[in-house]
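Notes follow once the structure below has been shown.
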Amino acid sequence: MSATSTEARPAEMSEFRSPEQERAEQGADIRPVEEFTLEEINPFNAHLFSQHRWGEYFERLRREAPVHFNEIQTAGRYWSVTKYDDIKEVSPDCRDTDGYGDHT
């Protein structure tokens, strides 16, 4: 075959996107927090921090859903706790992160 053939060639590796890369691209469009329902807010989105927009999102969560359930494909299911006193309540000893007490 000649170099001008229209035969399909394998895609370049740089054209492939992992699920994580696609998710990161989707999260790059940070709209005003008021445009999201509470269920759509993802405090795990790194773009909130890179674009310095995290404050308005966490402010809304603290006001409307201080204990907020999240379920996203890349992070799984988790609860985000956004008020200081609530964090202290669920984690009375922040230094004891594994729950097994003193390791000495």
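Within the range 42-78, the set of residues being of a type in the set (Phe, Trp, Tyr), more than 16 Å from residue 27 (Cα to Cα) and at pLDDT below 90 comprises just one member, 78.
What are the residues in the range 79-104 that are modelled with pLDDT of 85 or more and out of contact with any Cys (no Cβ under 9 Å at 6 or more places or on another chain), if any? Of everything in the range 79-104, those that are modelled with pLDDT of 85 or more and out of contact with any Cys (no Cβ under 9 Å at 6 or more places or on another chain) turn out to be 79, 80, 81, 82, 83, 84, 85, 86, 89, 90.
The values are calculated or read from the model by the stated rules, or taken from the named source; none is laboratory data. Predicted model only: the values in this text are computed from it and were never measured. When we count neighbours, we look across all protein chains shown, and the Cβ atoms used for this are built from the backbone with ideal geometry, even at glycine.
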